[in-house]
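For reference, the structure is listed below as structure tokens.
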Amino acid sequence: MNVSIADKLENVRKRIQKATISAGREANTVELLAVSKKKSADAIIEALKSVQTKFGESYLNEALSKQEQLESLCSEADYAAIEWHFVGPIQSNKTRPIAEHFHWVHGVDRLKIAKRLNDQRPANLPPLNVCIQINIDVEESKAGIALSDLDELADAVSRLPNLCLRGLMCIPKAGQSEQALSERFQQMRAALASLAAKYQSVDTLSMGMSKDLEQAVAHGSTIVRVGTDIFGERD
Ligand SMILES: *Cc1c(COP(=O)(O)O)cnc(C)c1O
């Protein structure tokens with residue numbers, strides 16, 4: 001059975017809604033980012049028809065090519081309504097197109113990258129929304145900073161005028177127990193709360209993917225990043 005993107009989106013929205021209610025949180029306090037990496041512009045158009053407007057991409061060249069296709073396939077108003085989030089790893093020689101073509105960057109983990117995004121953000125655009133990525137399981141191979149380094153990086157990022165510090169993002173280690181995962185999410189929630197107490201602009205906890213969105217919502221996520229359960233498995 002081939003389930004349509006519209007139906008899968010609907011199903012994911014229901015899961016988010018259910019998890020939000022179970023957690024005793026107010027309705028509509030969790031946003032859905034549809035992670036469309038490795039999926040076609042046509043797949044994005046299908047999601048757009050189901051009033052999905054936030055899309056996450058991880059590979060810059062692929063993202064730019066799809067943005068160009070969509071700009072010619074959509075009406076000007078439909079295209080303008082799309083919010084592009086860069087969720088992939090950021091190489092310093094690729095910051096300019098990211099600063100020019102995205103509304104959000106979820107994976108900032110170095111001051112050098114933040115400074116380049118700030119310097120390269122076009123003057124006619126509003127500040128670029130950024131989340132600092134936390135390597136919550138302290139995995140050697142993974143991007144992100146340790147929680148102990150957060151204050152210093154947040155302080156520096158908050159001073160960059162063309163960036164808007166919105167919050168924190170994490171990708172927990174795959175395959176850990178539910179309890180370990182809950183503890184990680186809980187640490188993220190606490191870190192976000194202390195950050196939000198310092199910076200007015202901070203309101204975003206980017207965590208939860210196809211497999212763990214319910215736990216993430218239970219622990220205060222404000223935006224879940226879902227790919228597979230909307231667009232199907234990736235090659
Ligand atoms: C691919 C990706 C996702 C989506 O993962 P799924 O398991 O397919 O839902 C979320 N966040 C980031 C950073 C990703 O790279």
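Look at where the Cα atoms of the stretch 1-60 and of the stretch 139-166 average out, and the two centres are 27 Å apart. Using only side-chain charges placed at the Cβ, +1 for Lys and Arg and -1 for Asp and Glu, the dipole size of the chain relative to its Cα centre rounds to 200 debye.
Taking the highest mean first, how do the peptides 18-24, 128-134 order by number of other beta carbon atoms within 10 angstrom per residue? Please report the intermediate quantities before stating the final value.
Values: 18-24: 14.0, 128-134: 25.0.
By packing density, highest mean first, the sequence is 128-134, 18-24.
Using C-alpha pairs below 8 Å separated by at least 6 residues, the relative contact order for the stretch 1-92 is 26 percent. For Asn11, the shell of other residues with beta-carbons less than 12 Å away shows a net charge of +2, using +1 for Lys and Arg and -1 for Asp and Glu.
Rounded if a/c is under 1.5, else prolate if a/b beats b/c, else oblate: with a ≥ b ≥ c from the C-alpha gyration tensor eigenvalues square-rooted, which is the chain?
On the way: a/c = 1.61, a/b = 1.07, b/c = 1.51.
Verdict is oblate for the chain.
Computed over protein heavy atoms with a 1.4 Å probe, the carbon and sulfur contribution to the accessible area of the stretch 46-88 reaches 49%. Projecting the Cα positions of Gly88, Gly24, Ala63 onto the charge dipole of the stretch 14-94 (unit charges on Cβ atoms of Lys, Arg, Asp and Glu, taken about the Cα centre) puts Gly24 furthest along the positive direction.
Result for the chain in a Gaussian network model with C-alpha springs under 10 Å: among Leu213, Leu32, Leu111, the largest mean-square fluctuation is at Leu111.
Given the pairs Lys37/Lys198; Lys14/Lys112; Lys18/Lys198; Lys14/Lys94; Lys14/Lys39, which span a C-alpha to C-alpha distance of over 28 angstrom in this model? Spell out each step's value before the answer.
Details: Lys37/Lys198 34 Å; Lys14/Lys112 40 Å; Lys18/Lys198 31 Å; Lys14/Lys94 36 Å; Lys14/Lys39 23 Å.
The answer is Lys37/Lys198; Lys14/Lys112; Lys18/Lys198; Lys14/Lys94.
Across the chain, the mean sequence separation of Cα contacts (distance under 8 Å, 6 or more residues apart), normalised by length, yields a relative contact order of 21 percent. A 1.4 Å probe run over the chain, with the rest of the protein chains in place, finds 50 Å² accessible per residue.
Relative contact order of the stretch 51-122: 32 percent, from C-alpha pairs under 8 Å at least 6 residues apart in sequence.
Using just the helices of the chain, give the 222 nm mean residue ellipticity in deg cm²/dmol: DSSP H runs with n ≥ 4 each add -39,500 (n - 2.57), and the total is spread over all residues, rounded to 500. The partial results should precede the final answer.
On the way: 10 runs with 103 residues, N = 235.
Mean residue ellipticity at 222 nm (helix-derived): -13000 deg cm²/dmol.
Packing here is the average count of other Cβ atoms within 10 Å per residue, and on that basis the peptides 95-104, 75-84, highest first, run 95-104, 75-84.
The values are calculated or read from the model by the stated rules, or taken from the named source; none is laboratory data. For clarity, every value in this text was computed on a predicted model and none was experimentally measured. Every residue, glycine as well, gets a Cβ built from its backbone with ideal geometry; the counts of neighbours run over all protein chains shown. To get the accessible areas, we keep the full protein, side chains included, count just its heavy atoms, and leave off ligands, DNA and RNA. Shrake-Rupley method; radii C 1.70, N 1.55, O 1.52, S 1.80 Å.
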